[in-house]
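Structure record follows, encoded as C-alpha cells.
The values are calculated or read from the model by the stated rules, or taken from the named source; none is laboratory data. Quick caveat, the model's predicted, so the values are computed rather than measured. So basically every Cβ, Gly included, is an ideal-geometry build from the backbone, and we count neighbours across all protein chains shown.
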Amino acid sequence: MAKSSTTFTCSACASSYTKWSGRCDGCGEWNTIVEDKGLSKSGPSGKSLGARRGSTVQLTDLATKEAPPPRTRSGIDELDRVLGGGLVPTSAILVGGDPGIGKSTLLLQGAAQFARSGLKTIYVSGEEASAQVRMRAQRLGLTDAPVQLASETNLRDILTTLENEKPQLVIIDSIQTMWSDTVDSAPGSVSQVRSAAHELTTFAKRNGMSVILVGHVTKEGQIAGPRVVEHMVDTVLYFEGERGHQFRILRAVKNRFGPADEIGVFEMTGSGLAEVTNPSALFLSERGTPSAGSVVFAGVEGTRPVLVELQALVAPSPHSQPRRSVVGWDGSRLAMILAVLESRCGIPFAGLDVYLNVAGGMKISEPAADLAVAAALLSAREDAPLPEGAVVFGEISLSGALRPGPQTENRLKEAQKLGFTAAIAPSGGKPIEVTGMSLRQMGDLIQFVGDIFGAG
Ligand SMILES: [Zn+2]
C-alpha cells in the first residue's frame, strides 16, 4: 500500500490543503491550518472481495412507503421546533457555539427534559467534574430528572460504558475534549476531533442511540472547531448570542429531519434558559419612539415570522475612505444596496460614514431585508422618520426592481399581531388580503424613494 499522504486542514472552517500556509483562503483566519493525519483506513481493499465478503444489503424501490420517524419531544418547544419537531431516534446532532454562550446549560436542560419524557439519557462531560454538572443542575432545578452523569474524556471507556448501559440519548460535552487512543495526536486536534466524532456517531447509529455532540467554535489553530465534523452528523445547530444581550438563538444550519434555517429563541435568566415564545415582542422591546434611521423589518426565520428593528446612522465622514460598518447583516449586501441607491436613484453616499445595526444582536441573512435596509439608510440620510406603525420588507435587485419574498401573508399577520397598522412591500406575487392594515406596494426603488421620502 502507498504511504498515506499528509494533508492540511483549517481547524476553523475545515478547508483542506495539500501544503501548509499561514492564512486560510477559505475563512481568512491566520494560523488555523494544521497537519491532518486523517482517519485510519478501514474500508474494503483489493480488487476482489474473496473470502472477506460482506452481507447483502436490502434494496427497496422508489415507491416503498416508510413511516415518518417517531420523534420524542422534550417539551421545550423552541428546541423541539429547531430539531424539526422533536428528537429522531438514532440521529446524530452537533451543537456548536462560542465558549461560554450557554451550550452546556441548554443541553443539560434538554437532557433533563428528554429523560423526563422517558428516554434513557447519559450526559458525558469532558469539561467539568460530575459535581460541577450536578451544581448546575441544582441551580437549574433539574436534580429530579433521571439523567446519568459521567465525567470522562477517554473515548474507549465511554464507548464501553455506552455498550453496557444502552442509553437512547447520549450527550458529549464537548467533542474537543474527547480522545481516542487509535489516533496519534493531541486531544482537540483536527484528527482527534474527527476521529472521536466518527467513532461516536457510527457507534450510536449501530446501537440505536441518538448522540448530541457539543462543539466550541474556536479561532485557535490547535483546537479544531465544530465545522470539521459537520459532515458526519444529521443535524447541525448553532447557539448564538451577543455578550451583553440576554437572549440566545438556536439556529439549524443543516437538518436531515427538518427544515434548515429554523430558529429557537431563548432568554438567559438566573435559573437557566427560558423559552421566548414571541421573539418579535422581545426584539422590539427596546425600541423607543420611531426616529429617523429606525425601521421595523418584517422577516421570516425558518417557518416563523420575526420582526426586528434595523438602525442606520449616516454622518459626514472625516476620513478620505468613509466607514461602512455593519452589525448583524452582510457587509457586501450593504455595499450593493448603497450602489443601487446611488446609481438607480441618484442618491449618493460618497463622503458619508454609514453604520447599520440589527437591534438586539439578531443576525439576519434574508434578502427580503434589502428594502428595510434601504429605508433605514434613506431615513437616516434625510433625517426623516418612516410613517408611524409601518413595517418594511422586500428584496432589491441590481436594476432597482423590488421583488416579493416568500411568506408575505405571514409577515403581515405577525406585524398586525404586534400592533403595526401599515406595511411597505413590493408589488407582484400573489394578491394579498389583510384587513385592518394599509398595504403600500411598489414596483421599484425609485417609486419607493418618491412615495416615502418625497423626491429624495
Ligand atoms: Zn479556514
Every residue from segment 209-258 that is among the basic types (Lys, Arg) and touching a residue at least 24 places away in the same chain (Cβ under 8 Å)
Lys219, Arg227, Arg248, Arg251, Lys254, Arg256
Of the residues that sit in segment 1-18 and are modelled with pLDDT of 65 or more and either of a type in the set (Asp, Glu) or exposed (fewer than 10 other Cβ atoms within 10 Å of the Cβ) (or both), which one is farthest from the ligand (Cβ to nearest atom)?
Ser5
Picked from segment 19-34 (must be in contact (Cβ under 8 Å) with a residue 12 or more places away in the chain and more than 8 Å from the ligand (Cβ to nearest atom)), the residue farthest from Ser189 (Cα to Cα) is Ser21
Tell me, please, whether a residue that is farther than 30 Å from Ile101 by Cα, part of a helix (DSSP H, G or I) and at pLDDT 90 or above can be found in segment 323-334.
no
Can Pro259 be described as in contact with a Ser or Thr (Cβ under 7 Å, 6 or more places away or on another chain), under 24 Å from Gly394 (Cβ atoms) and not in a strand (DSSP E or B)?
yes
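Quick one: which residue in Leu119, Leu142, Leu159 is surrounded by 19 or more Cβ atoms within 10 Å (Cβ to Cβ), in contact with a helix residue (DSSP H, G or I) (Cβ under 8 Å, 6 or more places away or on another chain) and of a type outside the set (Ser, Thr, Tyr)?
Of Leu119, Leu142, Leu159, the one residue that is surrounded by 19 or more Cβ atoms within 10 Å (Cβ to Cβ), in contact with a helix residue (DSSP H, G or I) (Cβ under 8 Å, 6 or more places away or on another chain) and of a type outside the set (Ser, Thr, Tyr) is Leu142.
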Inspect all residues belonging to segment 23-35 and state whether any of them is surrounded by 14 or more Cβ atoms within 10 Å (Cβ to Cβ), at pLDDT below 85 and not in a loop (DSSP other than H, G, I, E, B).
yes
Report whether or not Pro89 is at pLDDT below 90 and surrounded by 11 or more Cβ atoms within 10 Å (Cβ to Cβ).
no
Heads up, the strands (runs of 3 or more DSSP E) in segment 107-206 (entirely inside) with at least 3 residues that are among the aliphatic types (A, V, I, L, M) are 147-151, 169-173
Which of (1) of a type outside the set (D, E, K, R); (2) surrounded by 24 or more Cβ atoms within 10 Å (Cβ to Cβ); (3) assigned to a helix (DSSP H, G or I); (4) within 18 Å of the chain's Cα centre (by Cα) is the odd one out, the single condition Gly215 does not satisfy?
(3)
Please enumerate the residues belonging to segment 414-427 that are surrounded by 14 or more Cβ atoms within 10 Å (Cβ to Cβ) and assigned to a loop (DSSP other than H, G, I, E, B).
Leu418, Phe420, Thr421, Ser427
Scanning segment 276-289 residue by residue, those closer than 13 Å to Ala359 by Cβ and in a loop (DSSP other than H, G, I, E, B) turn out to be Leu284, Ser285, Glu286, Arg287, Gly288
Residues that are within 25 Å of His245 (Cα to Cα) and hydroxyl-bearing (Ser, Thr, Tyr): does segment 118-133 have at least one?
no
So which residues in segment 66-82 are β-branched (Val, Ile, Thr) and more than 15 Å from Arg116 (Cα to Cα), if there are any at all?
Val82
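Given the options Lys65, Lys166, Lys103, name the one that is of a type in the set (D, E, K, R) and without any contact (Cβ under 8 Å) to a residue 12 or more places away in the chain.
Being of a type in the set (D, E, K, R) and without any contact (Cβ under 8 Å) to a residue 12 or more places away in the chain holds for just one of Lys65, Lys166, Lys103, which is Lys65.
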Leu402 - would you say it is in a strand (DSSP E or B) and over 17 Å from Gly293 (Cα atoms)?
yes
Take the residues of segment 315-330 that are surrounded by 12 or more Cβ atoms within 10 Å (Cβ to Cβ), of a type outside the set (Ser, Thr, Tyr) and in contact with a strand residue (DSSP E or B) (Cβ under 9 Å, 6 or more places away or on another chain): which is nearest to Asp451 (Cα to Cα)?
Ala315
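Matching residues to (1) crowded, with 23+ Cβ neighbours inside 10 Å; (2) among the polar types (S, T, N, Q); (3) touching a Leu at 6+ places or on another chain (Cβ under 8 Å):
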residue	(1), (2), (3)
Leu338	no, no, yes
Gly346	no, no, no
Phe349	no, no, yes
Tyr355	no, no, yes
Gly361	no, no, no
Ala374	yes, no, yes
Arg381	no, no, yes
Pro385	no, no, no
Checking Ala150 against (1) exposed (fewer than 14 other Cβ atoms within 10 Å of the Cβ); (2) within 26 Å of Val236 (Cα to Cα); (3) touching a strand residue (DSSP E or B) at 6+ places or on another chain (Cβ under 9 Å), the condition it does not meet:
(1)
